[in-house]
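A short worksheet on the structure shown next.
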Amino acid sequence: MSPGVPRAGAGQGAAAAVQLLVTLSFLPSVVEAQVTGVLDDCLCDIDSIDNFNTFKIFPKIKKLQERDYFRYYKVNLKRPCPFWAEDGHCSIKDCHVEPCPESKIPVGIKAGNSNKYSKVANNTKELEDCEQASKLGAINSTLSNQSKEAFIDWARYDDSQDHFCELDDERSPAAQYVDLLLNPERYTGYKGSSAWRVWNSIYEENCFKPRSVYRPLNPLAPSRGEDDGESFYTWLEGLCLEKRVFYKLISGLHASINLHLCANYLLEETWGKPSWGPNMKEFKRRFDPVETKGEGPRRLKNLYFLYLIELRALSKVAPYFERSIVDLYTGNVQEDADTKTLLLNIFQDTKSFPMHFDEKSMFAGDKKGAKSLKEEFRLHFKNISRIMDCVGCDKCRLWGKLQTQGLGTALKILFSEKEIQKLPENSPSKGFQLTRQEIVALLNAFGRLSTSIRELQNFKVLLQHSRDTSTV
């Protein structure tokens, strides 16, 4: 989604090549020196996260994303942008998303309702519909069809009160299943004013920021001399914890997406066969401390902070999935059992992490003020999920929607601890519920963060190699 830059041409000259090698030789130590230590607003250090992710999380989450239950995601990529007239969709071929034919979807996923977890749940839809009809009749047998529809809408509205995201209606004819493995997140060439407007709207209108305060590197900011964003961070530190956390989550998500684009960049295309791989120049443009005036390392630290938030959510939601009623049903009994075993294994790892973020420090003031702030927090994030329908590139929109929904689901989990503790073992909970769409988004979004941290380690190795070869 973020603006990109054209690949360097062949005729830039030997001097430019030498300068690039000198700069790259300096970059590894600078990045490592500035992206280290203890994170702000929590008691966790970056090295601990790196080791935990590399040796415990990344190999398992990668396998989980390849399972049928988690690789198929139902999404509506045709919802109109609710905030401005669309610029038109990206015509670059790499922006295209190939929907999955209905025949390829496992029968257990496409049958039944969105809240299904087991074979039994797939067979309860008609019974639930009958029960709902009988309740409507019991309320008032003289209700008109229009009134009944309104009543159902009210019930649906009540169900959405704990949602941090605008969920796609999976029953919509425009909603389609997408195989995430066949539509990977990578640099598509989508850039320019359309991409910039999406992120600018997210930061400028939804991060609790007054118009008089300018983000670092904002091209619309008036010249501030040698400020280098210090006035912005002075303002940010003056905010309450909740609003600081909100900004860091969005900045971390942005950094993660940018890392994916740098790591899966179209390097060349010969005879119609594209070659994708890490682009060190693009990484430097987005994260080098010198080129970004110190902003790049701050963004990467926010990536780690976001990782901690979603890691904490997974450890908190484990009891929901440990119940026997949850089967992650696709119709393949053996694969479903293996998938659940792998998922529970990941949850055990998340619980073992010793330096979790303490979400109880948030919304801990007086009850009335805390409730109001939490609702403001929820609505701001929900608005960001709606902005994802304004992304002009279908592949960027797909992954933007999924990762935003995954983070929204994580926030929903963190602020539903009491409801999760009261879950019944053998029946669905009315106090806390996750749809399949939320489950798939939650685990894939965390998988993307785990991949980002792994890719950051790869870039450090590549840059170190560049430094070693340039000094030979």
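At a glance:
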| quantity | calculated |
| --- | --- |
| Matching option when the condition is closer than 20 Å to Gly392 by Cβ and free of Cβ contacts under 8 Å to residues at least 12 places away in the same chain, among Glu204, Glu185, Glu237, Glu230 | Glu204 |
| Leading residue by the ranking (surrounded by the fewest Cβ atoms within 10 Å (Cβ to Cβ)) among those in region 444-472 that are touching an Asp or Glu at 6+ places or on another chain (Cβ under 7 Å) and under 14 Å from Phe283 (Cα atoms) | Gln457 |
| Candidates Lys374, Lys382, Lys401, Lys395, filtered to the one that is surrounded by 13 or more Cβ atoms within 10 Å (Cβ to Cβ) and touching a strand residue (DSSP E or B) at 6+ places or on another chain (Cβ under 8 Å) | Lys401 |
| Residues located in region 42-91, provided they are assigned to a helix (DSSP H, G or I), surrounded by 13 or more Cβ atoms within 10 Å (Cβ to Cβ) and of a type in the set (Asp, Glu) | Asp50, Asp68 |
| Selection count where residues are of a type in the set (Gly, Ala, Ser) and in a helix (DSSP H, G or I), scope region 386-407 | 2 |
| Qualifying residue in region 369-377 (condition: more than 20 Å from Asn183 (Cβ to Cβ), among the aromatic types (Phe, Trp, Tyr) and in a helix (DSSP H, G or I)) | yes |
| Tally, over region 240-273, of residues that are in a strand (DSSP E or B), open to solvent by 10 Å² or more (accessible area, probe 1.4 Å) and in contact (Cβ under 8 Å) with a residue 24 or more places away in the chain | 2 |
| Every residue from region 356-371 that is buried (at least 16 other Cβ atoms within 10 Å of the Cβ) and either within 20 Å of Lys60 (Cα to Cα) or not charged (D, E, K, R) (or both) | His356, Phe357, Met362, Phe363 |
| Single match in Asn383, Asn345 (criterion: touching a helix residue (DSSP H, G or I) at 6+ places or on another chain (Cβ under 6 Å), assigned to a helix (DSSP H, G or I) and among the polar types (S, T, N, Q)) | Asn383 |
| Verdict on Leu167 being modelled with pLDDT of 85 or more, open to solvent by 20 Å² or more (accessible area, probe 1.4 Å) and either part of a helix (DSSP H, G or I) or not β-branched (Val, Ile, Thr) (or both) | no |
| Verdict on Glu282 being open to solvent by 10 Å² or more (accessible area, probe 1.4 Å) and either assigned to a strand (DSSP E or B) or not aliphatic (A, V, I, L, M) (or both) | no |
| Whichever residue in region 285-334 is of a type in the set (Lys, Arg) and touching a helix residue (DSSP H, G or I) at 6+ places or on another chain (Cβ under 6 Å) and, among such residues, is least open to solvent (accessible area, probe 1.4 Å) | Arg286 |
| Long-range neighbours under 7 Å by Cβ, at least six apart or interchain, first residue under 17 Å from Ser251 (Cβ atoms) and open to solvent by 80 Å² or more (accessible area, probe 1.4 Å) within region 211-222, second at pLDDT 85 or above and of a type outside the set (D, E, K, R) | Leu217/Thr292 |
| All positions within region 176-191 that are out of contact with any helix residue (DSSP H, G or I) (no Cβ under 8 Å at 6 or more places or on another chain) and within 17 Å of Val391 (Cβ to Cβ) | Gln176, Pro184, Lys191 |
| Options Ala410, Ala441; residue that is small (Gly, Ala, Ser), part of a helix (DSSP H, G or I), farther than 18 Å from Tyr304 by Cα and open to solvent by less than 10 Å² (accessible area, probe 1.4 Å) | Ala441 |
| From Val461, Val440, residue being out of contact with any Ser or Thr (no Cβ under 9 Å at 6 or more places or on another chain) and more than 27 Å from Arg71 (Cα to Cα) | Val461 |
| In region 181-198, the residues that are of a type outside the set (S, T, N, Q) and open to solvent by 10 Å² or more (accessible area, probe 1.4 Å) | Leu181, Leu182, Pro184, Glu185, Arg186, Tyr187, Gly189, Tyr190, Lys191, Gly192, Trp196, Arg197 |
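The values are calculated or read from the model by the stated rules, or taken from the named source; none is laboratory data. Note that the coordinates shown come from a computational prediction; the quantities given were computed from them, not determined experimentally. Neighbour counts run over all protein chains shown; Cβ positions are idealised from the backbone, glycine included. Please note that ligands, DNA and RNA were not included when accessible areas were found on the heavy atoms of the full protein model with its side chains. Shrake-Rupley method; radii C 1.70, N 1.55, O 1.52, S 1.80 Å.
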